[in-house]
Amino acid sequence: MTSAKGRRFRPREISRVCADRAVREQGSGMAAHHCHTFFELYYVEQGSCRFLINDSIHDLEQGDFILIPPQTFHYTRYLHDRCARCNLYFRAEDIGEHALGALPEGRDFFSYAHVFHAEESCQGQISALLTRMLSEERLGDACTAAMQLYCLQELFLLISRFCSFTQTLPESISTSDRQTLLAARFISGNYMHPITSADIAAAAGFSPNHLSKKFREAAGVGVHEYLVFTRLQHAAAELVSTTDTITQIALRCGFSDSNYFKDVFKKKYGMTPREYRKAH
C-alpha cells in the first residue's frame with residue numbers, strides 16, 4: 001500500500017491498521033480536502049507542510065505528529081521544501097488498553113485533533129518502527145494484521161514516553177492566514193445559520209472578493225465549499241447520533257433545501273443520507 005513519490009494513498013474504508021509513506025517536493029501542490037471514518041496519524045519525517053484541520057491551521061515540521069479523528073475535515077499543503085511523511089490509519093478498536101493507560105487523558109486523547117512533537121533523540125526509533133510497518137504492508141501475509149496492531153501499540157507507547165503535546169497555533173502563520181482562520185472559525189460557529197459570503201468576509205476583516213482569493217490560497221478550498229463541507233460534516237454526525245428526520249437535520253445544519261442537501265451529501269459521501277445512516 002505504499003504510495004509512489006508524490007502520489008497520495010487514501011483508503012475509503014479499512015479493516016485493520018494500515019501504513020503509508022510518501023515524499024512531496026516543493027511546489028508539488030496539495031492534498032484534496034477530505035475526511036474519513038477512521039483515525040489518521042500523520043508524521044513528518046523530513047521537511048515541513050501546512051495542515052488545515054477543522055478551523056485551525058498548523059505548520060508541521062520534522063518530528064511533528066498530528067492526530068486526526070474520524071469525520072474530521074482536513075487538508076494538507078506542501079509550500080516550502082521536500083516533505084517526507086508517514087501516515088497510519090486505524091480504527092477505535094485498534095488502540096488498545098495499554099495505549100489508553102499510557103497516553104495523557106486516556107481515551108479522551110483520541111476524541112479531538114491535536115499536534116504533538118517527538119523529541120529529536122527518539123525520531124530515529126520512531127522512523128525505524130514506521131519502516132517496519134511499511135514492510136508489513138508490502139508483505140501482506142496472514143500475519144500482517146496482527147503485526148501492524150502490535151507495532152501500533154508500540155508506537156503509542158513511544159509517543160507517550162517521548163512526545164511533548166501542544167494545542168497552540170505557531171507564530172509563523174502570516175496575517176492573511178490568521179484572517180483565513182477567523183473566517184473558518186466564523187463558519188464553524190455559525191454554519192447552522194443562513195450566513196453569506198459578506199458575513200464571513202466581515203468576520204475576517206476582508207472584502208468578499210479578497211477573502212475568496214486569500215481563503216483559497218491559504219486553505220486550498222473556496223469559502224462556499226468549506227461552508228458546505230462543514231454543514232455536511234455536522235449533518236453526517238447527526239444522522240448516526242439522532243433519530244431526527246433527514247429534513248430536520250438538513251435544516252438544523254444550515255441547508256434551506258432538503259433536496260439540495262441530499263444531492264451534495266451523495267456527491268461528498270457516495271451515498272444518500274438514508275443509506276449513510278443505515279451503513280453507520
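From 262, 267, which residue is out of contact with any helix residue (DSSP H, G or I) (no Cβ under 8 Å at 6 or more places or on another chain) and either part of a helix (DSSP H, G or I) or closer than 18 Å to residue 54 by Cβ (or both)? Steps first, answer last, please.
Working: 262 fails: out of contact with any helix residue (DSSP H, G or I) (no Cβ under 8 Å at 6 or more places or on another chain).
Only one candidate qualifies: 267.
Counting only residues that are closer than 26 Å to residue 85 by Cα and of a type in the set (A, V, I, L, M, F, W, C), give me the helices (runs of 4 or more DSSP H) lying completely in segment 114-233 with at least 3 of them. So that I can check it myself, show each step before the final result.
Working: elements: 120-139, 144-162, 175-190, 197-204, 208-219.
Of the helices (runs of 4 or more DSSP H) lying wholly inside segment 114-233, those with at least 3 residues that are closer than 26 Å to residue 85 by Cα and of a type in the set (A, V, I, L, M, F, W, C) span 120-139, 144-162, 208-219.
With the requirement that a residue be more than 20 Å from residue 39 (Cα to Cα) and touching a helix residue (DSSP H, G or I) at 6+ places or on another chain (Cβ under 8 Å), what does segment 115-131 give you?
Listed by number, the residues that qualify are 119, 121, 122, 125.
Yes/no matrix, rows are residues, columns are (1) assigned to a loop (DSSP other than H, G, I, E, B); (2) hydrophobic (A, V, I, L, M, F, W, C):
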{"residue": "49", "(1), (2)": "no, yes"}
{"residue": "59", "(1), (2)": "no, no"}
{"residue": "81", "(1), (2)": "yes, no"}
{"residue": "88", "(1), (2)": "no, yes"}
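Can you name the residue in segment 201-221 that is surrounded by fewer than 21 Cβ atoms within 10 Å (Cβ to Cβ) and touching a strand residue (DSSP E or B) at 6+ places or on another chain (Cβ under 6 Å) and is also modelled with the highest pLDDT among such residues?
221
Looking at residue 8, is it modelled with pLDDT under 85, out of contact with any strand residue (DSSP E or B) (no Cβ under 7 Å at 6 or more places or on another chain) and either within 25 Å of residue 144 (Cβ to Cβ) or not small (Gly, Ala, Ser) (or both)? Talk me through it step by step, then tell me what you get.
Working: modelled with pLDDT under 85: yes; out of contact with any strand residue (DSSP E or B) (no Cβ under 7 Å at 6 or more places or on another chain): no; either within 25 Å of residue 144 (Cβ to Cβ) or not small (Gly, Ala, Ser) (or both): yes.
No.
Quick one: would you say residue 15 is at pLDDT 70 or above, in a loop (DSSP other than H, G, I, E, B) and within 22 Å of residue 270 (Cβ to Cβ)? Can you show your working first?
Numbers: at pLDDT 70 or above: yes; in a loop (DSSP other than H, G, I, E, B): yes; within 22 Å of residue 270 (Cβ to Cβ): yes.
Yes; evaluated as a whole, the condition is true for this residue.
The values are calculated or read from the model by the stated rules, or taken from the named source; none is laboratory data. On a predicted model such as this, the values are computed, not experimentally measured, just so you know. Reconstructed Cβ throughout: ideal geometry from the backbone, glycine too, with neighbour counts over all protein chains shown.
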